[in-house]
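Report on the following structure.
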Amino acid sequence: MRSILQKSISKQRHILIKLLKKPISQLVLSLSQEISNSHKLEIHLQEAFPVFQYCKYLYVMDSHGVQITKTILRDATDTKSLGRDRSQRPYMLGDFDQYDFILSEAYISKHNKRPSVTAIHVIKDHHGMLIGYLGVDYDLRELPGTNHLYKENYKWQQIKGDPAIRSGLFAQQRLQSDMDNNIDNVFALMQELICEHGVFHGKFHFSSSRTTIWLLDDPYNYRLLSMNELNDPDICLVYPRHNYSELATVPESDIPKIFEYFRQLRFADETIYLRAGSINIVNGMISLNFSCDGSHYLPYKEFLDKGMSFWFGSDTKEIDPFQYDEVIERICEKGCDYVYRSINNHRQGDIIDDLIDIPQIEQDKIIKELETIMQVYSH
């Protein structure tokens with residue numbers, strides 16, 4: 001999990017622990033004297049329940065994690081879990097040798113199938129020996145609103161695609177779509193909608209010839225535009241004029257540059273090509289989905305700075321970035337098994353040491369050549 005998101009989660013957990021720990025610790029003191037009497041334990045739980053205003057269930061387990069009381073609800077008791085072995089549930093896997101109180105990670109509850117957390121406090125006798133556990137279950141949606149809206153840390157991310165698509169990648173070839181044939185008009189229309197009609201997020205589906213757009217005046221609904229609409233500039237009439245948004249982080253002047261890079265990524269190679277691309281002028285993020293089903297998300301500045309050199313190893317139309325023969329020979333020298341393993345690992349999206357400093361699309365081309373070579377040995 002990304003560190004900034006983990007920090008946000010940790011902060012919210014700290015707030016919850018501070019809120020929950022004191023009343024739970026106080027209840028444990030009264031339970032330790034009655035650990036052998038389930039009826040009295042249940043009375044203590046029922047009397048204590050009003051203090052636990054956000055609680056869903058209260059119960060006591062023995063030292064082995066087996067429930068020895070009924071499950072206490074706010075206005076009822078439940079006998080179904082009496083005798084249930086909870087020792088392998090997520091909330092019982094903490095380090096109770098070191099900690100007396102642990103708030104579990106969120107998990108999906110076994111019966112209600114809802115995101116939940118459980119607070120576990122050990123119960124010890126007067127000699128300090130472990131004699132049981134108090135369990136306090138919470139439904140996440142019933143806890144107080146401690147969660148502030150998480151703010152995304154916008155930076156480049158690469159997401160692996162479907163291995164099944166990668167395995168058949170080199171058996172496919174880009175087919176000219178209707179959008180490809182009209183790409184200049186499509187880009188011009190999208191630029192007009194973004195700069196003059198309040199579109200803040202637009203996505204091009206190049207292979208299926210459609211776009212989706214989101215408007216500042218109606219951000220909760222998206223519009224789907226087919227090539228019929230994209231070939232008709234009159235559609236601008238149905239979207240009210242809207243000055244370029246003050247919320248935008250992408251300068252107007254950079255939009256045609258971004259679209260030009262989309263064009264180059266779409267047509268640069270007949271096997272490895274851009275299948276879909278989007279721009280969000282508010283958060284400044286660019287998303288790219290390639291024919292190998294791999295996806296990239298990166299800030300527009302980084303996208304423009306990387307340019308075509310990041311994807312192909314050259315800023316020129318004629319790509320000559322690597323000494324292919326040298327790389328291929330180095331891999332082949334390690335034997336057929338290594339070559340087959342490298343091809344398979346690449347299909348699964350794993351990193352290959354011999355290709356680690358080579359742009360992704362160039363890696364794909366090298367693997368394609370290796371597959372061609374190995375076909376000779378398969379006959």
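The values are calculated or read from the model by the stated rules, or taken from the named source; none is laboratory data. Here the structure is a predicted model, which is why all the values come from computation and not from measurement. Backbone-built Cβ (ideal geometry, glycine too); neighbour counts: all protein chains shown.
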Query raised in the report: Can you tell which of Phe200, Phe204, Phe262 is under 17 Å from Tyr297 (Cα atoms), at pLDDT below 95, under 27 Å from the mean Cα position of the chain (by Cα) and crowded, with 20+ Cβ neighbours inside 10 Å?
Result: Phe262
Query raised in the report: What number of residues within segment 177-221 are free of Cβ contacts under 8 Å to residues at least 12 places away in the same chain and not aliphatic (A, V, I, L, M)?
Result: 5
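Of the residues His64, His14, His39, which single one is surrounded by fewer than 15 Cβ atoms within 10 Å (Cβ to Cβ) and within 30 Å of Gln157 (Cα to Cα)?
Numbers: His64 fails: within 30 Å of Gln157 (Cα to Cα); His39 fails: within 30 Å of Gln157 (Cα to Cα).
One residue alone meets the criteria, His14.
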Query raised in the report: What do you reckon, is Asp178 at pLDDT 75 or above, over 28 Å from the mean Cα position of the chain (by Cα), surrounded by 15 or more Cβ atoms within 10 Å (Cβ to Cβ) and of a type in the set (D, E, K, R)?
Result: yes
Query raised in the report: For segment 86-108, which residues satisfy the criterion of being of a type in the set (Asp, Glu) and free of Cβ contacts under 8 Å to residues at least 12 places away in the same chain?
Result: Asp95, Asp97
Report task. Would you check which residues across segment 259-269 are under 13 Å from Met190 (Cα atoms) and touching a Phe, Trp or Tyr at 6+ places or on another chain (Cβ under 6 Å) and list them? Result -> Phe259
Query raised in the report: Within segment 208-224, is there a residue that is assigned by TED's automatic domain parsing to the domain that holds Asn182 and in a helix (DSSP H, G or I)?
Result: no
Query raised in the report: If we scan segment 62-85, do we find a residue that is in the same structural domain as His14 (by TED's automatic domain parsing), in contact (Cβ under 8 Å) with a residue 60 or more places away in the chain, part of a loop (DSSP other than H, G, I, E, B) and under 14 Å from Val136 (Cβ atoms)?
Result: no
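Working only within segment 47-61, note down all residues that are touching a residue at least 12 places away in the same chain (Cβ under 8 Å) and loosely packed, with under 13 Cβ neighbours inside 10 Å.
Across segment 47-61, the qualifying residue is only Val51.
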